[in-house]
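The structure appears below as structure tokens.
The values are calculated or read from the model by the stated rules, or taken from the named source; none is laboratory data. As the structure is a computational prediction, the values presented were derived from the model and not from experiment. Backbone-built Cβ (ideal geometry, glycine too); neighbour counts: all protein chains shown.
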Amino acid sequence: MGLSKTIFANPTEYLVREEPADPVLFFAPMVLQATAKRFLDGFPGLVTYAVKANPDEMVIANLAAAGIRGYDVASVYEIEMIRRVAPGAAMHYNNPVRSKAEIARAVELGVQSFSVDSHSELAKLGALVPAGAEISVRFKLPVKGAAYDFGAKFGATAEKATALLAEAAALGFVPSLTFHPGTQCTDPAAWDSYIRTAATIAADAGVKIARLNVGGGFPAHRLTEIAPALEGIFGLIDRVTTEAFGEDRPALVCEPGRGLVAESYSLATQVRAIRDDEHVFINDGVYGGLAELPLIGIIDRIEVRDGAGNRRTGAPRGRIVFGPTCDSVDRLPGELGLPADMDEGDFILFHGLGAYSTATVTRFNGFGNFQIVTVMALQG
């Protein structure tokens, strides 16, 4: 995966000039910083970035420049990278299952906030983490409204979370709560249910929590006609926290990954073939930058340009789109509406592909040779 040292005006300028044969990810730092400002201005608490969404050092550096001061980390690798790129930033080690060696290294590197969802993992933390650190108990609910459920792997039931919270406080840790409503969550009611349950857990445990981490899950703009109403979600979180906790209102934390980084990247793929005027084959797919599409559905924010940079304007036609590998599951979900006048060699640009694209690329079948290009703007 290479990085171009030249900054281009927009993706079209690069595609016409370089005629790339491999997929290209276009990164717009100004878009990333503008999105960060939207969160910093709108969210009523500490904004942290979930590094797993896109761990590129360029992303971390630009978020730090925009004012992001906290990072949700899930591995020693991510902790070491944040210490190097954003020294002094707060880190929340919110992967609830860690080895003893990983915990010890995190403590050595100054991490002072950990999540937990089991008694066995809390016992590990109790033996290795100094008293006074924050322990944030992660709980889950059967709440719908997300693209897929994050509670399938992590999170204690409300009853178990109550016991864990009381135990964490008794061990001398700073007690907090955390949850994740699920990825690409477009239903604000999910946060409402979680926040009110958090207040019940704290009351039942007899513990005044220091902070409530309302997770990630903030949606990115995937479908043209459905723009995320982030400010509405921020307002709901603020109001419901006051209603649920009253005078015991905790400080709020959020940890967006996709919501922060998705909009700052666009992916350009090239049409390798149109088989008998039916199936479209492109040079990227579900083993590359489009890995998430089978999990959360198609993204229709696309444009098609010919080799001269002209936008195809033919009437949309539903097409089955395959990636470049020989694996039959390398197919985008459903059908993608593509211009009827599209031709082999054209470029299909997918906008809003900054999350879980570079982080999930493989070299299966010899593909996955990406170039990352910095641009001033992603349109034009």
Only residues that are closer than 25 Å to PRO250 by Cβ and free of Cβ contacts under 8 Å to residues at least 24 places away in the same chain: list them for the stretch 15-53, please. ASP41
Somewhere in the stretch 9-30, is a residue surrounded by fewer than 14 Cβ atoms within 10 Å (Cβ to Cβ) and closer than 30 Å to THR178 by Cβ? no
Hits in the stretch 291-328 - residues which are over 14 Å from VAL280 (Cβ atoms) and assigned to a strand (DSSP E or B): GLU303, ARG305, ARG311
Anything in the stretch 241-260 that is outside any helix (DSSP H, G or I) and closer than 25 Å to LEU63 by Cβ? List them, or say none. PRO250, ALA251, LEU252, VAL253, CYS254, GLU255, PRO256, GLY257
Could you give every pair whose Cβ atoms fall below 7 Å, whose first residue belongs to the stretch 302-315 and is without any contact (Cβ under 8 Å) to a residue 12 or more places away in the chain and within 19 Å of LEU25 (Cα to Cα), and whose second residue is charged (D, E, K, R) and outside any loop (DSSP other than H, G, I, E, B), counting only separations of at least 6 or pairs across chains? ARG311/GLU303; ARG311/ARG305
Of the numbered conditions (1) within 22 Å of LEU293 (Cα to Cα); (2) out of contact with any His (no Cβ under 9 Å at 6 or more places or on another chain); (3) outside the structural domain of GLY354 (by TED's automatic domain parsing), GLY232 satisfies every one except a single condition; which is it? (1)
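Mind listing just one residue for me: the one in the stretch 214-260 that is acidic (Asp, Glu) and touching a Gly at 6+ places or on another chain (Cβ under 9 Å) and, of those, surrounded by the fewest Cβ atoms within 10 Å (Cβ to Cβ)?
Per the stated criteria, the residue is GLU231.
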When only residues in the stretch 3-24 that are farther than 19 Å from ASN310 by Cα and among the β-branched types (Val, Ile, Thr) count, which is modelled with the lowest pLDDT? THR6
Enumerate the pairs (first residue in the stretch 181-209 and under 16 Å from ILE233 (Cβ atoms); second residue anywhere and aromatic (Phe, Trp, Tyr) and in a helix (DSSP H, G or I)) with beta-carbon separation below 7 Å, excluding pairs fewer than 6 apart on the same chain, so at least 6 apart or on different chains. PRO181/TRP191; PRO181/TYR194; GLY182/PHE150; THR183/PHE150
Hits in the stretch 287-322 (condition: surrounded by fewer than 20 Cβ atoms within 10 Å (Cβ to Cβ), among the β-branched types (Val, Ile, Thr) and within 19 Å of ALA359 (Cα to Cα)): ILE296, ILE298
Could you count how many residues in the stretch 194-232 are at pLDDT below 95, of a type outside the set (Asp, Glu) and more than 24 Å from HIS92 (Cα to Cα)? 9
Since GLY217 meets every condition but one in (1) outside the structural domain of ILE201 (by TED's automatic domain parsing); (2) assigned to a loop (DSSP other than H, G, I, E, B); (3) under 21 Å from the mean Cα position of the chain (by Cα), which condition does it not meet? (1)
In the stretch 335-352, which residues are more than 23 Å from the chain's Cα centre (by Cα), under 25 Å from ALA262 (Cα atoms) and of a type in the set (Gly, Ala, Ser)? GLY337
Taking THR269 and the conditions (1) within 21 Å of VAL51 (Cβ to Cβ); (2) part of a strand (DSSP E or B), which numbered condition does it fall short on, given that it satisfies the others? (1)
